[in-house]
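Novice: Structure provided below as structure tokens; questions to follow.
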Amino acid sequence: MKEDILEKLAKSNFRSRFKLSAKDKSYIKDKGLDTIKKHAQDFISKRVAPAFIPNDGKQTPMRNHPVFVAQHATACCCRKCVEKWHGFKKGVELTPSQQEYLVEIIMEWIKRQCRDI
């Protein structure tokens, strides 16, 4: 399933524009994937998982952290995108398994971007 969604996202003109910068890759190399995964879990649980998000659609910056870039590339950035691409309805808190699914998608995208480091 991860493969399917990542293939679909790669075909999106908007989603496919996102790439990790050299600075992002350096940050990942310095911190390690376990720390980056913890950041992804934290961002998803606090910024995306709640049923209602006052600034939904604007809560995820486009840069300044590799997970933010990955969230946009994988449509895990806001509830509208999560609903459209992953099928998890807006207005309903994401379950722990749904949150883990989103984190797995983010981490797989990051790993693919970091194959050269």
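The values are calculated or read from the model by the stated rules, or taken from the named source; none is laboratory data. Everything numeric in this text was worked out from a predicted model, so none of it was measured. Note that each Cβ is placed from the backbone with ideal geometry, even for glycine, and that neighbours are counted across all protein chains shown.
Novice: Within the range 20-49, work out how many residues are touching a helix residue (DSSP H, G or I) at 6+ places or on another chain (Cβ under 7 Å) and not in a helix (DSSP H, G or I).
Specialist: Number satisfying all stated conditions: 2.
Novice: Right, something else. Working only within the range 1-19, note down all residues that are buried (at least 16 other Cβ atoms within 10 Å of the Cβ) and either free of Cβ contacts under 8 Å to residues at least 60 places away in the same chain or part of a loop (DSSP other than H, G, I, E, B) (or both). Full working, then the answer.
Specialist: Within the range 1-19, the subset buried (at least 16 other Cβ atoms within 10 Å of the Cβ) is 5-6, 9, 15, 18.
Hit for the range 1-19 is PHE18, nothing else.
Novice: Next up: Just to be sure before I move on: is LYS90 assigned to a loop (DSSP other than H, G, I, E, B) and farther than 13 Å from LEU20 by Cβ in the structure I sent? It would help to see each step written out before you state the result.
Specialist: On the way: assigned to a loop (DSSP other than H, G, I, E, B): yes; farther than 13 Å from LEU20 by Cβ: yes.
The answer is yes for LYS90.
Novice: Moving on. Would you mind stating whether ASN64 is out of contact with any strand residue (DSSP E or B) (no Cβ under 7 Å at 6 or more places or on another chain), under 24 Å from ALA10 (Cβ atoms) and modelled with pLDDT under 95?
Specialist: Criteria met by ASN64.
Novice: Are there any pairs with C-beta distances below 7 angstrom linking a residue in the range 91-112 that is of a type in the set (Val, Ile, Thr) to a residue that is assigned to a loop (DSSP other than H, G, I, E, B) and surrounded by fewer than 19 Cβ atoms within 10 Å (Cβ to Cβ), with the two at least 6 apart or on different chains, and if so which?
Specialist: The qualifying pairs are VAL92/ALA51.
Novice: Conditions first: (1) in a helix (DSSP H, G or I); (2) in contact (Cβ under 8 Å) with a residue 24 or more places away in the chain. CYS81 passes all but one, so which condition is the exception?
Specialist: It is condition (2) that CYS81 fails.
Novice: Same structure, new question: For the range 93-109, name all the residues that are part of a helix (DSSP H, G or I) and hydroxyl-bearing (Ser, Thr, Tyr).
Specialist: SER97, TYR101
Novice: With (1) within 24 Å of LYS8 (Cα to Cα); (2) modelled with pLDDT under 95; (3) hydrophobic (A, V, I, L, M, F, W, C); (4) more than 12 Å from the chain's Cα centre (by Cα) as the list, and PHE88 as the residue in question, which single condition is left unmet?
Specialist: Answer for PHE88: the failing condition is (2).
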